[in-house]
Amino acid sequence: MLNLNFTPFPTITTQRLVLRQLQDDDVHELFALRTNELVNRFLYRPVPRSLNDVREFITIVNQITLDNEGLYWVITRKNEDKLLGVINLRNFSPEQYQAEIGYELHPDQQGKGFMHEAITHVLAYGFGRLGLQAIMADTVPGNLRSIRILEKHGFVKNDGEENIYTLSGPDC
């Protein structure tokens, strides 16, 4: 059985990073990330038009966490609380012991190994603490950096599904 209880919020500390809960104070940095053209070229979602749009998003995401339906971490450096990016586990399927991973990183922070480090620890949390047996990722054609990082973590492209990659847990 999946352990979908996210209270208290599961902060994850890595060698260089802290993955923490999204806060109201993140509104400006999250707005900058979610309106960045380089980030959005590979994401299918509405672009926020105002800080209020981002505030509403923060409220929704935190309610999803309270309802134990998803986790949305802010990626920060260990000694600096500036939002570098975000990573999440969502779309849990308790019957199939699966979830979906999603992530985005500000272009200024790409190429430094931050997302690799964050994904490594979120996967360990998902398989270890939550009891997932598979984690999926939905990519956009042409997002080669995302595909490469998934493949480095052992994700394999699903047969017959152009953009879906899956990683099976260590006990599967």
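No lab work stands behind these numbers, since they all come straight from the coordinates. On a predicted model such as this, the values are computed, not experimentally measured, just so you know. Don't worry about glycine lacking a Cβ; one is built from the backbone with ideal geometry, like all the others, and counts go over all protein chains shown.
Observations
- Phi-derived couplings, Karplus 6.51 cos²θ - 1.76 cosθ + 1.60 at θ = phi - 60°, listed residue by residue for segment 155-170: 5, 10, 5, 6, 4, x, 10, 4, 10, 9, 10, 9, 10, 8, x, x Hz, with x used for Gly and Pro.
- Each residue of segment 7-18 was assigned a 3J(HN,Hα) from its phi angle through the Karplus expression (A = 6.51, B = -1.76, C = 1.60, θ = phi - 60°), giving 10, x, 4, x, 5, 10, 10, 10, 4, 10, 10, 10 Hz with x at Gly and Pro.
- Residue-count net charge about S93 - beta-carbon cut-off 12 Å; Lys, Arg +1, Asp, Glu -1: -2
- Mean-position separation - Cα centroids, segment 143-169 and segment 97-135, in angstrom: 13
- Prolate/oblate/rounded label for segment 1-84 (Cα gyration tensor, a/c 1.5): oblate
- Applying the Karplus relation 6.51 cos²θ - 1.76 cosθ + 1.60 with θ = phi - 60° to segment 32-41 yields 3J(HN,Hα) values of 4, 5, 6, 10, 6, 4, 5, 6, 6, 5 Hz, where x marks Gly and Pro.
- Electrostatic bookkeeping for I164 treats Lys and Arg as +1 and Asp and Glu as -1; over the other residues with beta carbon under 12 Å from its beta carbon, the sum is -4.
- Rg over Rh, two decimals, segment 91-136 (C-alpha only, Kirkwood Rh): 1.07
- CD proxy at 222 nm, helix term only [per DSSP H run n ≥ 4: -39500 (n - 2.57); per residue of the chain; nearest 500]: -8000 deg cm²/dmol
- Assuming charge only on the beta carbon of Lys and Arg (+1) and of Asp and Glu (-1), the dipole of segment 12-116 about its Cα centre is about 360 debye to the nearest 20.
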